[in-house]
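What follows is a short report on a single structure.
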Amino acid sequence: MALVEHVATHTPPVPEQVRGRERIDTHTHVVPPEYLTWLKENPDYQGPLIDWNAESTLAAMDAIGIGTAILSVPNPSVRWGPSDDPAQVRRLARTVNEFCGELVREDPEHFGFFATLALPDLDASMEEARYALDDLGADGVVLFGNVDGTYVGSPRWDPLMQLLDERETVLFIHPAALPGPGVEGITSGVVDFLADSTRAAVNLVKHDCPRRYPRLRVLLSHGGGYVPYAANRIASMISRETDEADTVAQLKTFYYDTALTGSPYTLPSLLAFAGAGHLTFGSDWPYEFRPELSRQFTERLDAFELTDEQRYALNRGNAEQLFPRLAPARAS
């Protein structure tokens, strides 16, 4: 089956109802109250404890022109590791999804969400995916790059991938900690998250997932880690029975968000590899929405030279393709 790349060919007029807040943010996080309590109860959690609420999120969105934010839970998702009670993991995933579902029901214009699953419990994850997509109206599913060292794309998760493919799901892949020791003084977010995203992308291609699940739209966070920069090296080393160009073409089927990626060093590589037709805007709110970080990356993105067509595609047009419910009616 041929791999087809979506390419933006023109810029439609911006409807009045979204003018000034055109961006669709595909990488923004939610911290439901019960999820925050769960984080607080674990003494090993070293990340920020954020008292998330819709009001402050809407204010942050408005500050940089975000019209709609697609919410997802941050790392560590809903489990710490193999010792967790599977029933508790399932309950927390359901709680998170129902919180998000209610939020979207109350304000579908400003919010969407990626459903949280209970991997590595495959049966429970498939049940939760059906419930979230069919009953709660989730806009897609979030999977973390690896769960206990098993990466997205592993054949053991094929039944879940098949289910998501049948529903033409958007699969958002967020990095997790690498399954191994870190480097003292260097947090996972500095280097390891980028490597985890890259491992996940390569594993998907290694197992031919873009061809086996052609209706599944994969969105990689943080510019896909090292994929754009190292695509030819990756392809040359994993292409044993196929042509290197074919492996690169599979990597190009993925979408890439710009969370913490808007810089004059990163964007040329990302654009050269993925093309403007496969980029979406990401803020990483509220974890990296400090003025010196996310706002700075957004300002750099806005200052980067793009055509009107490219900028519209990145800020909104591509996300409308992924989430058609967010495309407002336009006068013919």
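The values are calculated or read from the model by the stated rules, or taken from the named source; none is laboratory data. Bear in mind the structure is a predicted one, so any value in this text is a computation, not a measurement. Reconstructed Cβ throughout: ideal geometry from the backbone, glycine too, with neighbour counts over all protein chains shown.
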Exercise. Just for the stretch 231-247: of the residues that are buried (at least 18 other Cβ atoms within 10 Å of the Cβ) and of a type in the set (A, V, I, L, M, F, W, C), which one is nearest to residue 26 (Cα to Cα)?
Worked result: 231
Problem set entry | strands (runs of 3 or more DSSP E) contained entirely in the stretch 168-285, each with at least 3 residues that are under 20 Å from residue 47 (Cβ atoms) and either without any contact (Cβ under 8 Å) to a residue 40 or more places away in the chain or in contact with a Leu (Cβ under 8 Å, 6 or more places away or on another chain) (or both) | 170-174
For this session: Considering each residue of the stretch 49-67, count those that are over 27 Å from residue 38 (Cα atoms) and touching a strand residue (DSSP E or B) at 6+ places or on another chain (Cβ under 9 Å), and give that number.
Result: 4
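Determine whether the stretch 105-121 contains at least one residue that is assigned to a helix (DSSP H, G or I), at pLDDT 95 or above and buried (at least 20 other Cβ atoms within 10 Å of the Cβ).
no
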Problem set entry | Filter result (out of contact with any strand residue (DSSP E or B) (no Cβ under 7 Å at 6 or more places or on another chain), in a helix (DSSP H, G or I) and charged (D, E, K, R)) within the stretch 298-319 | 299, 300, 302, 308, 309, 311
Problem set entry | residue 44 being out of contact with any helix residue (DSSP H, G or I) (no Cβ under 9 Å at 6 or more places or on another chain), of a type in the set (D, E, K, R) and surrounded by 13 or more Cβ atoms within 10 Å (Cβ to Cβ) | no
For this session: Scan the stretch 122-165 for residues that are surrounded by fewer than 18 Cβ atoms within 10 Å (Cβ to Cβ) and more than 22 Å from residue 208 (Cβ to Cβ) and report the count.
Result: 8
Exercise. Within the set of pairs 6+ apart or on separate chains, which have a first residue in the stretch 54-81 that is under 24 Å from residue 22 (Cα atoms) and part of a strand (DSSP E or B), a second that is at pLDDT below 95 and aliphatic (A, V, I, L, M), and C-beta atoms under 6 Å apart?
Worked result: 67/18; 69/61
Seminar exercise, completed: Screening 261, 307 for residues that are surrounded by fewer than 18 Cβ atoms within 10 Å (Cβ to Cβ) and either touching a helix residue (DSSP H, G or I) at 6+ places or on another chain (Cβ under 7 Å) or hydroxyl-bearing (Ser, Thr, Tyr) (or both) leaves only 307
Exercise. Quick one: would you say residue 54 is at pLDDT 95 or above and of a type in the set (Gly, Ala, Ser)?
Worked result: yes
